[in-house]
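The values are calculated or read from the model by the stated rules, or taken from the named source; none is laboratory data. Fair warning: this is a prediction, and the values are worked out from it, not measured in the lab. Cβ: placed from backbone, ideal geometry, glycine included. Neighbour counts: every protein chain shown. Heads up: the accessible areas ignore ligands, DNA and RNA and are worked out on the full protein's heavy atoms, side chains in. Shrake-Rupley method; radii C 1.70, N 1.55, O 1.52, S 1.80 Å.
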Amino acid sequence: MIENSDRGITMNKSLAWTVACGLVGAGLWVGMQLATLRGETAGLSQTITALRADLTASEARQVTLTARVRTNETALARQDERLSLILSTLNKIDNRLERMERAPIR
């Protein structure tokens, strides 16, 4: 019980102990929560650092794969051109043979 007297505001002993224990308990709870948050923050920082390293490695692999694909595309384009030239030559030979077969024998 809180009373107002000539000496100022006074409190009952049991109420004073309840308030003191409540304040100590609240301080302990806040301290534990802060410690837990700091631990979680450190864990999240490590996870983010690991993810950044994985992302960097993934980007490097992507660049390497892109270069390999471009090299293969260039090689295939050259091969297509060569095959096209071979086909053109074979068509010319086929046309000449057909003309030779049609031509009268002397």
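Quick look at the values:
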item: Rounded accessible area of Ser84 (nearest 10 Å², 1.4 Å probe); result: 60 Å²
item: Accessible area per residue in Å² at 1.4 Å probe, computed on the chain; result: 95 Å²
item: Value of [θ]222 nm, deg cm²/dmol, for the chain, DSSP H segments ≥ 4, -39500 (n - 2.57) each, nearest 500; result: -32500 deg cm²/dmol
item: Volume per residue that the Cα convex hull of the chain spans, once the total is divided by residue count, Å³; result: 180 Å³
item: Point-charge dipole on Cβ atoms (K/R +1, D/E -1) for the chain, about Cα centre, debye to 20; result: 800 debye
item: Selected from Ala20, Ala50, Ala42 as most flexible by GNM, with the chain as the system and alpha-carbon contacts under 10 Å; result: Ala20
item: Carbon/sulfur fraction of accessible area - the chain, other protein chains in place, 1.4 Å, %; result: 61 percent
item: Residue with peak Gaussian network fluctuation, the chain [Cα springs, cutoff 10 Å], from Arg68, Arg96, Arg38; result: Arg96
item: Charge dipole (the chain, unit charges on Cβ, about Cα centre) - positive-most of Asn91, Ser58, Met32; result: Asn91
